[in-house]
Amino acid sequence: MVSSMSSGLGVRKRTKFCVLCGKETEELINGLCIECYRKTYPLIPRNAPSQLEVKICKYCGAFTLGHVWRKTRVEDINKAVEVAVEANIRRHYRSKNYHIVNLEISRMRYFEGKYVVNVKLKVRGEGGESHLTFEEEKTVSVHVVFSICPECKDVISKAERAIIQVRAGERRLTESEVAEIRRIVNKEAEKLFESDRGAFPFESSETVAGIDYKFTSAKAARRIAQAISRRFSAKLLETHKDVGGTTSNGRTKTKVTYRLLLPSFRSGDVVRLGKHLYYILSIEKGKVTAIALPSLKETKMSLSTFRSAELVVKYEESTPVMVVSTSGAIVQLMNMEDYQTFELSFRKIPLWIEPGKIFRLFKVNNEFFVLPTQGHRKT
């Protein structure tokens, strides 16, 4: 309602009245005075909860946000409670009509096995066609209940969610390969453990066939399997199997097997690929560097090309020898195992042959080859 009044100077002033309470005012919002507008259209809905419940894992500090468990890197339990409370308050009081300008924990107490946290919430938003800015406050009580997150339940119960199987075809893994695989597993697990409690394998076994690692975290197992694959240029195969039940986010629970197949040969072996023989110098980043026999030419090919290669002579079957001298096509060598000297005649003396250097002596198809390790290659 609006009326007109005349002043002594003859100027007419328009008077406004609130349609709800009848109060006379100079400012109306949608026909209401500011007080009635704020009561009728509060920023925070009247049905907004005044009490929330949050679960927090007593082992790792993870907390529920809705129906999903969220990780936190906070180690102090009081700080973890604060993080969980604030995250849930911001989720429940998220709105396009206002934004939170202050969130203050006014009281925290431990009562009957749970934390009861009182939070003072202040929000700010705009109202009406005039877009006036308002602020409102609300006190919310958050009950923080201690529980166990699904991840920690799996760790405690040793639920098998993934397995890494490391194999090398028909050959056994060498001691150095096993030691390197152990190092990679520990290194990667340490990096992942802060955010993934199932990063360390809960069981490992080493057999003639290879190594198996069992994990409660498929995600961590995958990261570790990828690291092993990169280091050894291993072929990585992934298979899934349903194990029944669902995860916290409704997905079907599965067990994943990561099978890593290392090359059937390694640096220092002689292999046959088709009709050709090769001495393997190195296997790195999916590439094989080798010396063709008997031409002694160095070549580089993709590992996939060598997957079908047949092992002819193992590195351990060669003999360490030192070059004593060379004369024409004759090379005098010393066996470094018994220190006996002998001479060999070569149709072509390799460029890397130098007196005083130690190499490996291979016998392939009744022909002898003095071959270098990677560190003795000539460029």
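With the cut-off at under 20 Å, measuring from each backbone N in region 258-273 to a point 7 Å along the Cα-to-Cβ line of residue 236 picks out 258-264.
Only helical DSSP H runs with n ≥ 4 go in: add -39500 (n - 2.57) per run for the chain, normalise by residue count and round the 222 nm mean residue ellipticity to 500 deg cm²/dmol. Intermediate values should be presented prior to the final figure.
Details: 6 runs with 69 residues, N = 379.
Here the helix-only value at 222 nm equals -5500 deg cm²/dmol.
At an R0 of 30 angstrom, the distance between the Cβ atoms of residue 97 and residue 153 translates into a FRET efficiency of 0.15. What separates the Cα centres of region 64-109 and region 209-288 is a distance of 41 Å.
Once the chain from residue 254 to residue 48 is taken as fully extended at 0.36 nm per residue, the excess over their C-alpha distance is 70.3 nm. The mean sequence separation of alpha-carbon pairs under 8 Å and at least six residues apart, normalised by the residue count of region 234-379, gives a relative contact order of 15 percent. A full extension of the chain between residue 209 and residue 74 corresponds to an added length of 44.4 nm, given 0.36 nm per residue minus the alpha carbon distance.
If packing is taken as the average number of other Cβ atoms within 10 Å across a peptide's residues, how do 81-93, 297-309 rank, most packed first? Don't skip to the answer; put the middle values down first.
Details: 81-93: 19.0, 297-309: 13.7.
Per-residue mean Cβ counts within 10 Å order the peptides as 81-93, 297-309.
Coordinate-derived values only; no laboratory data. These numbers were taken from a predicted model, which means no experiment stands behind them. Cβ atoms come from the backbone with ideal geometry, glycine included; neighbour counts cover every protein chain shown.
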